[in-house]
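Working notes, structure below.
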Amino acid sequence: MEDNSKIYNRQATISTPQYIGYIVGGGLKENLRVRLTLPAQEIQEGGFVVVESGDWLFYGLVVDLQLGATDPRFADEQSEMRLPAELAGLLHGQTLFTNLEVLPSLMLERGPDPSDKARYTVWTAAHPNPNPNPLPVKTVPPHHAPVRLAGPGDVAEIFGQPGKEGNFVIGYTREQNHPVCINLDKFIQRSSGIFGATGTGKSFLTRIILSGLIQYNRSACLIFDMHNEYGFDDTSSDTNQRVPGLKSKFASRVRIVGLGRGGKIRGQAPDFNLELAERDIQPEDIELLTRELNLKETTPTTLEALVSSFGRERWFAEFKAMKVGALVEDENGKRVPAPDSVAFWANQSGVNVMAAEGLRSKLNRIFDLPYIVEKPAADSLGEVIRALEGGQHVVLSFGDHDHDLDYLLVTNLLTRRIREAWVQRTDDFRTRGEKEPRPLVIVVEEAHKLLNREMASQTSFSTIARELRKYYVTLLVIDQRPSQIYDEVMSQLGTRVSGWLGDEDDVHAVLSGLAGRDALRGMLARLQPKEEVLLLGWGVPMPIPVCSRRYDERFWEDLLGRHPGPRSESDVLKELGF
Ligand SMILES: Nc1ncnc2c1ncn2[C@@H]1O[C@H](COP(=O)(O)OP(=O)(O)O)[C@@H](O)[C@H]1O
Ligand SMILES: [Mg+2]
């Protein structure tokens with residue numbers, strides 16, 4: 001079946017080639033130069049082109065267009081003023097031209113045209129593998145090799161056939177609207193990232209990708225939904241239209257969890273509420289909030305002393321019960337720290353009283369959080385884990401608890417517990433042959449708040465990013481400031497999808513560790529401000545800019561297969577732009 005489609009595609013591209021020029025120079029290091037045989041405005045930066053060179057095809061991206069002249073005089077003189085129009089036209093045709101600079105990425109041995117039976121038979125005999133994979137370019141096509149725009153078959157050859165299992169259409173090529181797929185299995189095999197300045201379409205694209213992942217259902221998704229965007233229906237900020245949430249479309253597969261008892265999300269009751277137990281709060285969780293709570297460098301010492309006095313499960317409750325500045329009179333009538341005071345404990349434990357009292361006061365913000373309770377009403381954390389293991393997906397909505405403090409504390413604590421569970425399941429699977437763990441994708445917005453340089457060594461997130469998929473857990477990070485994410489984490493991201501970025505450092509961060517960076521930098525900076533993204537990284541065969549798929553009724557019909565009936569001819573024509 002696949003073989004047939006390959007042949008079909010090959011013929012399709014052979015029968016309708018859109019030739020645009022031929023190779024005139026360049027090389028592997030400095031990109032290929034192509035003499036354009038069309039007016040310059042018909043080709044744009046980022047165009048996906050194919051160079052035909054005998055039995056091989058080379059695939060690349062247009063990264064620059066340059067005006068050239070056989071002699072600078074012809075370019076300098078405005079000869080159309082001096083010569084009759086026809087003559088000027090002829091002269092220009094001979095002397096003035098446009099060159100494309102093409103960044104070559106992949107090469108593929110296509111073999112001879114199947115219609116050339118004799119050669120084709122010899123070639124197939126010598127190539128028992130009928131579906132060769134594209135290779136990274138290692139050589140160059142010869143002078144004058146013809147160059148054409150990639151057709152739908154070429155795009156499918158490189159990025160995968162739409163409709164084939166695991167292939168998910170994420171957007172369309174900019175020139176000719178051919179669908180471009182990402183492979184979802186590859187997407188979840190390493191952590192990945194969605195970037196772009198505010199308003200470029202990150203949240204919309206995330207909805208699209210999550211819908212694809214949920215529909216495909218090979219992995220569980222845990223979404224930390226700081227702004228309550230993904231679960232219930234939302235309203236678009238710029239068009240005021242209703243934006244369906246994942247719960248409306250996947251009612252039984254998606255569970256919405258609200259933070260804190262009785263919390264409502266956009267006026268609706270979640271499936272269940274999440275409360276954290278005091279005994280779950282660990283010193284690491286507090287240290288992570290150093291910047292947020294403006295904690296002193298004495299904090300780790302004080303926390304350590306608390307743990308050695310009360311143990312990891314009791315320290316939080318005990319410290320919470322202590323009073324700052326409480327005094328009693330001793331037998332000599334002298335005022336001394338009361339037994340339930342911070343100072344009393346500090347003196348006994350050999351800890352600096354000022355440091356301990358200072359920390360106790362600063363932690364009031366944590367002690368006052370309504371969703372941290374002595375005994376949660378239900379084992380809601382366990383329920384989240386069971387839902388994820390049992391084939392469901394969880395959206396954790398923060399409701400009104402949308403401060404950075406809430407986000408940092410809850411995401412980190414939950415991620416640590418979930419990772420522990422997955423490490424355990426992985427060990428059981430490897431050593432005792434138990435069921436293989438279900439892959440899990442943890443989705444975090446505003447990722448730089450959790451994965452910045454300062455916190456990188458402390459959060460469970462950076463551990464997950466570095467482990468690749470060893471324990472079946474990966475991240476999907478969404479961020480408008482990728483430069484603030486720790487470089488080591490950035491360079492581990494397999495698939496990167498980036499919208500327009502205005503800041504040099506952000507552009508640099510998104511491209512970190514990738515080949516062809518210089519050429520791609522300009523392309524990223526010149527994307528449309530909305531709904532255009534560059535696909536990059538190990539998860540895609542080669543970089544390519546695409547128009548994002550639209551999140552609309554059509555999307556849902558395509559994804560869930562609920563076509564109202566066969567599409568009418570007029571619909572098809574409308575889609576084709578007539
Ligand atoms: N794929 C898309 N389909 C439909 N509308 C989109 C899409 N991408 C962006 N938009 C429009 O652009 C606006 C901003 O997108 P959004 O995802 O909220 O940006 P970001 O999360 O990057 O700030 C949305 O309100 C929506 O109207
Ligand atoms: Mg957003």
Problem set entry | When residues of the stretch 227-257 are limited to those that are surrounded by fewer than 23 Cβ atoms within 10 Å (Cβ to Cβ) and either under 16 Å from the mean Cα position of the chain (by Cα) or of a type in the set (A, V, I, L, M, F, W, C) (or both), the one nearest to residue 196 (Cα to Cα) | 243
Problem set entry | Within the stretch 508-526, considering residues that are within 22 Å of residue 199 (Cβ to Cβ) and open to solvent by 10 Å² or more (accessible area, probe 1.4 Å), the one nearest to the chain's Cα centre (by Cα) | 509
For this session: Provide a single number: the residues in the stretch 327-357 that are in contact with a helix residue (DSSP H, G or I) (Cβ under 8 Å, 6 or more places away or on another chain) and part of a loop (DSSP other than H, G, I, E, B).
Result: 5
Exercise. Of the residues that make up the stretch 485-494, is at least one part of a loop (DSSP other than H, G, I, E, B), without any contact (Cβ under 8 Å) to a residue 40 or more places away in the chain, under 22 Å from residue 427 (Cα atoms) and more than 14 Å from the chain's Cα centre (by Cα)?
Worked result: no
Exercise. For the subset of the stretch 189-229 comprising residues that are within 19 Å of residue 384 (Cβ to Cβ) and β-branched (Val, Ile, Thr), which member is farthest from ligand 1 (Cβ to nearest atom)?
Worked result: 214
Exercise. Could you say whether any residue in the stretch 457-472 is outside any helix (DSSP H, G or I) and within 16 Å of ligand 2 (Cβ to nearest atom)?
Worked result: no
Exercise. Within the stretch 121-128, is there a residue that is aromatic (Phe, Trp, Tyr), in contact (Cβ under 8 Å) with a residue 40 or more places away in the chain and open to solvent by 60 Å² or more (accessible area, probe 1.4 Å)?
Worked result: no
Exercise. Would a scan of the stretch 208-222 turn up a residue that is in a loop (DSSP other than H, G, I, E, B), surrounded by fewer than 21 Cβ atoms within 10 Å (Cβ to Cβ), in contact (Cβ under 8 Å) with a residue 60 or more places away in the chain and within 13 Å of ligand 2 (Cβ to nearest atom)?
Worked result: no
For this session: Sort out which residues of the stretch 184-206 are more than 10 Å from ligand 2 (Cβ to nearest atom) and part of a helix (DSSP H, G or I), and write them in order of number.
Result: 184, 185, 186, 187
Exercise. Does residue 86 satisfy the condition of being at pLDDT 85 or above and not in a strand (DSSP E or B)?
Worked result: yes
Exercise. Would the stretch 166-177 turn up any residue that is assigned to a helix (DSSP H, G or I), open to solvent by 10 Å² or more (accessible area, probe 1.4 Å) and basic (Lys, Arg)?
Worked result: no
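Of all residues in the stretch 360-378 being of a type outside the set (A, V, I, L, M, F, W, C) and in contact with a strand residue (DSSP E or B) (Cβ under 9 Å, 6 or more places away or on another chain), which is surrounded by the fewest Cβ atoms within 10 Å (Cβ to Cβ)? Don't jump to the end; show me each part of the working.
Residues of the stretch 360-378 of a type outside the set (A, V, I, L, M, F, W, C): 360-362, 364-365, 368, 370-371, 374-376.
Going one step further and asking which of them are in contact with a strand residue (DSSP E or B) (Cβ under 9 Å, 6 or more places away or on another chain), we end up with 360, 371, 374-376.
Values: 360: 23, 371: 21, 374: 11, 375: 8, 376: 19.
Checked the stretch 360-378; the qualifying residue surrounded by the fewest Cβ atoms within 10 Å (Cβ to Cβ) is 375.
The values are calculated or read from the model by the stated rules, or taken from the named source; none is laboratory data. What you see is a predicted model, and the numbers here were worked out from it, not measured in a lab. Cβ coordinates were reconstructed from backbone atoms using ideal geometry, including for glycine residues, and neighbour counts include every protein chain displayed. Ligands, DNA and RNA are excluded from the accessible area calculation, which covers all protein heavy atoms including side chains. Shrake-Rupley method; radii C 1.70, N 1.55, O 1.52, S 1.80 Å.
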